[in-house]
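The values are calculated or read from the model by the stated rules, or taken from the named source; none is laboratory data. These numbers come from a predicted model, not from an experiment. With ideal geometry, Cβ positions are generated from the backbone for all residues, glycine too; neighbour counts draw on all protein chains shown.
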Amino acid sequence: MSFYAFTPFSSAIFPGSANLSFHSLPKPSSQPSSTRVKPGTPGETMSSPPSTSRHKHKLHTLHTLYSNSGTVTIHSSSSSDSIILVPTPNPSDPNDPLSWPPSKKYTAFLSICLFTFLTNFGIGGLTSAFYLISLEFDKTLPETSELLLWPILVLGVFNFFWVPLANYFGKRPVFVVSCALLFVGFIWGALAGSFESLLWSNIVGAFAGSSTEALGAAMVNDLFFVHERGGKMGVYMNFISGGNTLGPLVCGFVVTGLSWRWHKWIAAILTGINLVTVVLMVPETRYDRNDMVSVGQQQLESEDKGREKAKARGGDEQGQQHRGTVMVPKKSWIQELSLWSGTPKDDTSLWKMFLRPLPMFSYPCVIYSFLGYAVSLVFTVAVNILNTFVLQAPPYNWSPTVNGLINIPGLIGNLFGSFAGGWLVDKFCDWKSRKNNGVFEPEDRLYLCILPLLITGAGCIIFGYGVERTLHWTSLFFGYGMVSFALTAVPTITMAYVSDCLLPVNSDALMLVNGTKNIVAFGFLYGIVPWVEDVGYVECFGTQAGIYVAIIAIGMAILIPFGARIRNAQARWRIIL
C-alpha cells in the first residue's frame, strides 16, 4: 500500500474543487527497504521505526508515534494549484474518517458542534435572568453568579475524565452517554424548586457537556486535513461561544414573555433532538494511523512476492499487484451504530490514558494555547456576568429583553473572530507555504494573533471606562463586541497550532488546554465581583487588558521565531506514556 494523495478522493473530500490537481507522492516501493516516504512530504525519506518501537519503551517520543513534528509539505513544487493531503488517507480502508463522503463528515461534525452549543446555551444562557433569579431566591450578586462559576469549573475538570475514556473506548460511546445526561440535566433545571437544585442541575449539565470541550476539537483532526483545520476549528469555536452569546439573547425574550424555566425547557427539547442525531449520525471517528504503516509494509511485501512470481512465470505483473492489494470491508450503517469499537491494540492501559496528558504541559504550544484561551474566556464571561447588574439597575433600568440585546455585538464579535482565526489564518498559511516552497510550519498560524491582541485589548478598556462613567450604551456594546472577538479567534488559532504540533496525542493535549483554562477561569471569575467593587471598572478592566496583551504578545515573540526548533527538539523527548 502506498502513502500518497490521489485523485479518487478529491471529489469526495473537496466538493466543488475539481480544478485542484492533487499531487501524488512517490510510492514507498520506489525507496530502499530501510526507508519510507514521510507522509505529506514528497521525495523526502526518513528511517522507518521498527514495528516494535511503540512497545520497546514504557515512554515514547512523538517521533515514535508519528513521522513528523508538525512541519509538512502541503503544496507541490510542480504545480501552484496542487494540494498534498496531510494526514494521508488510507486507500485500502473505506472506514478511514478522512475518506468519508463530505455529507457524512459534516453531519457528524455539526451534530457534535450542536451538542457543545446547547451545553453553553442551556447553562450560560441564564445570565440574562440572573437579576430576576437573585430576587426570586433572595440571593446576592456573588451567590447568583455561582450558577455559572461552578459549571465553568466542572466543564474544565471533567475533561480529565471523559477524554481518557474516549481515547480508550472511543469517542462515540462517550458522546452518546454524555448527551443523554445533558438532556436529563436540563429537565432537572426546568423543574428545580430551589436555588441549590438549580445550581446542581447546572453542574450535572456541565459534567455532561465537558465531554465535548476537548473531544469536539480533536474530532476536527479526525475528519479534516491540515489545510482545512483552521476553518473547521473556527466553526467549532463559533458553536461553543455562540451558546454563551446567543443563549442570553434568547433567554432575555423568553424570561420576559414566559419565565426563566422555559429557557431550560427549550434547551431540553433541542438537546433531545440532538441526542437522536448523535445516536444515529455520529460514527466512531477514532482511527489508529500507525496501523497504516504496518499494514502497508505487509501489503508491499505481498506485492513484491507477487511481482517475483509473475516475472518467473512471465505473467501479468500489474494484475498480480492489483490482486495483492487487501481492501478492508466497508462497515454498514447498522455496524456503525455500535457503541463498541474496541480498545487500543498496544499495551496501553486505561490508567495510562488518565496519566498520559500530564507531561504534555512541558510543550510550549500547550502552555500558550491554555493561557491565551483562559484570558479570552475570562474577560468575555466577566462582561457576561456583570452586564445584567449594570444594565438592569439605575441609571439604565433595562428589562431582561433589552438587556439580552448586548449579546448581539458579542455574537458579531464571535463571528468575526472565528473568521479571522479560521478561514483567514488558513489562507495566510496557504500563502506562506507557497512562499516557502510548499512547506507549512505550524507557527505560521500565530502571526494573526496580532488581531485579537489589538482589538480585545482595546475592548476591555472601552467597556470598563463606559460602565464606570455611565456612558451611552453603545460604548458598552462596542466594548463587549471587541472583547468577544478573542473568544473565538485565539482558541481557533492556538488549538489548531497544538493539533499541528502534537497530532498523535492531540486529544490529550487539547484536554489539558480546555481543562486547565476553565480551572483558571473559575478562580479568576470567582473574584471578579469583589475586585470590581474594590477598585472599580476602569482599573479592573484596564488591568485585564494589560494581562491579555502581555500573554498574547510574549507567546508570539517566543514561538514565531523559535517554535520550530523547540518542536523538533521536544519531539525526541520520551515523555509520552
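Miscellaneous remarks
- From the list Leu411, Leu405, Leu377, the one residue that fits, being within 18 Å of the chain's Cα centre (by Cα) and aliphatic (A, V, I, L, M), is Leu377.
Residues checked against (1) of a type in the set (Val, Ile, Thr); (2) assigned by TED's automatic domain parsing to the domain that holds Thr212; (3) closer than 27 Å to Gly231 by Cβ:
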position: Ile493; (1), (2), (3): yes, yes, yes
position: Phe522; (1), (2), (3): no, yes, no
position: Cys540; (1), (2), (3): no, yes, no
position: Pro561; (1), (2), (3): no, yes, yes
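- Failed condition for Ser201, given (1) out of contact with any Ser or Thr (no Cβ under 9 Å at 6 or more places or on another chain); (2) surrounded by 20 or more Cβ atoms within 10 Å (Cβ to Cβ); (3) under 24 Å from Met233 (Cβ atoms): (3)
- Residue in the range 448-465 that is assigned by TED's automatic domain parsing to the domain that holds Cys429, in contact with a Lys or Arg (Cβ under 7 Å, 6 or more places away or on another chain), crowded, with 24+ Cβ neighbours inside 10 Å and touching a residue at least 60 places away in the same chain (Cβ under 8 Å) present: no
Condition check ((1) more than 17 Å from Cys501 (Cβ to Cβ); (2) in contact (Cβ under 8 Å) with a residue 40 or more places away in the chain) across all residues:
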site	(1), (2)
Leu377	yes, yes
Tyr396	yes, yes
Phe416	yes, yes
Val425	no, yes
Phe428	yes, no
Glu443	no, yes
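- Residues of the range 236-278 satisfying the condition of being at pLDDT 95 or above and within 21 Å of the chain's Cα centre (by Cα): Thr271, Asn274, Leu275, Thr277, Val278
- Considered as a group, the residues in the range 548-562 that are in contact (Cβ under 8 Å) with a residue 40 or more places away in the chain, among the β-branched types (Val, Ile, Thr) and surrounded by fewer than 20 Cβ atoms within 10 Å (Cβ to Cβ) include one that is nearest to Pro442 (Cα to Cα), and that residue is Ile560.
- Condition check for Arg565: closer than 25 Å to Tyr447 by Cα and not small (Gly, Ala, Ser): yes
- Residue count for the range 499-512, restricted to those that are in a helix (DSSP H, G or I) and over 10 Å from the mean Cα position of the chain (by Cα): 8
Rundown of residues vs (1) modelled with pLDDT of 90 or more; (2) over 21 Å from Ser338 (Cα atoms), yes/no style:
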residue: Thr144; (1), (2): no, yes
residue: Phe161; (1), (2): yes, yes
residue: Ala166; (1), (2): yes, no
residue: Phe186; (1), (2): yes, yes
residue: Gly189; (1), (2): yes, yes
residue: Ala192; (1), (2): yes, yes
residue: Leu199; (1), (2): yes, yes
residue: Ile203; (1), (2): yes, yes
residue: Ala208; (1), (2): yes, no
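- Any hit, the range 75-97, residues being part of a helix (DSSP H, G or I) and modelled with pLDDT of 85 or more: yes
- The C-beta contact set for the range 224-235 (first residue over 14 Å from Leu424 (Cβ atoms) and modelled with pLDDT of 80 or more, second residue among the charged types (D, E, K, R) and crowded, with 22+ Cβ neighbours inside 10 Å, distance under 6 angstrom, 6+ apart or interchain) comprises Phe224/Lys232.
- Restricting Ser362, Ser369 to those that are modelled with pLDDT of 80 or more, in the same structural domain as Leu502 (by TED's automatic domain parsing) and buried (at least 17 other Cβ atoms within 10 Å of the Cβ) reduces the list to Ser369.
- None of Asp500, Asp430, Asp426, Asp444 is acidic (Asp, Glu), closer than 21 Å to Phe370 by Cβ and out of contact with any Ser or Thr (no Cβ under 8 Å at 6 or more places or on another chain) except Asp500.
- Failed condition for Leu453, given (1) over 16 Å from the mean Cα position of the chain (by Cα); (2) under 26 Å from Cys251 (Cα atoms); (3) not aromatic (Phe, Trp, Tyr): (2)
- Of all residues in the range 137-157 being more than 16 Å from the chain's Cα centre (by Cα), within 30 Å of Met353 (Cα to Cα) and of a type outside the set (Val, Ile, Thr), the one that is surrounded by the most Cβ atoms within 10 Å (Cβ to Cβ): Pro151
- Some residue of the range 223-233 being crowded, with 24+ Cβ neighbours inside 10 Å, in a helix (DSSP H, G or I), aliphatic (A, V, I, L, M) and in the same structural domain as Pro173 (by TED's automatic domain parsing): yes
- Put simply, of Ala545, Ala569 the only residue that is in a helix (DSSP H, G or I) and either touching a residue at least 12 places away in the same chain (Cβ under 8 Å) or surrounded by 14 or more Cβ atoms within 10 Å (Cβ to Cβ) (or both) is Ala545.
- Out of Ser201, Ser211, sole residue that is among the hydroxyl-bearing types (Ser, Thr, Tyr), part of a helix (DSSP H, G or I) and closer than 21 Å to Glu143 by Cβ: Ser201
- Restricting the range 472-505 to residues that are crowded, with 24+ Cβ neighbours inside 10 Å and among the polar types (S, T, N, Q), the residue that is modelled with the lowest pLDDT: Ser499
- The condition of being touching a Ser or Thr at 6+ places or on another chain (Cβ under 7 Å) and at pLDDT below 90 holds for only one of Asn436, Asn407, Asn414, that being Asn407.
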